[in-house]
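To keep things clear, I will list the structure first and then write my remarks on it.
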Amino acid sequence: MARDTYAYRQMVVESVDWNGRVEIHPASGQAYATDLPVQCSRRLSDTSVYPLGTCFLVNAKLTDRDGMQYLYVWHGDEVKVMSDAEAEVFLGAYRRVRL
């Protein structure tokens, strides 16, 4: 089955300490709540590669497979590491109303 590329949208996600674990969640100021989990490559949660608080520009889609909502990032898509300044510029240009 082909992947529906129109279901994906660019967004900034960041690594955060979530109950003692490193998890990836949407950055504040976008359409999705910051407590919504993101399913993506474990490499993004690896603090030996990316320090806690690193921002990433990804293509993600909202899904509810297995009964709970989460954002899904396809493993083959490019992930761009963003500086804090780049993330602020992106969020300022693409600020969305929270869903």
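When residues of segment 36-61 are filtered for being hydroxyl-bearing (S, T, Y) and more than 12 Å from M82 (Cα to Cα), how many remain? Matching residues across segment 36-61 total 4.
Look at A7 and say whether it is at pLDDT below 90 and within 14 Å of the chain's Cα centre (by Cα). No: the conditions fail for A7. Of the listed requirements (1) among the β-branched types (V, I, T); (2) at pLDDT 90 or above; (3) under 16 Å from H75 (Cβ atoms), V22 misses just one: (3).
Kindly provide the set of residues from segment 8-33 that are within 16 Å of Y94 (Cα to Cα) and polar (S, T, N, Q), ordered by number. Listed by number, the residues that qualify are Q10, S28, Q30.
The values are calculated or read from the model by the stated rules, or taken from the named source; none is laboratory data. What you see is a predicted model; the values in this text were computed from it and never measured. Note that we place each Cβ from the backbone using ideal geometry, even for glycine, and neighbour counts take in every protein chain shown.
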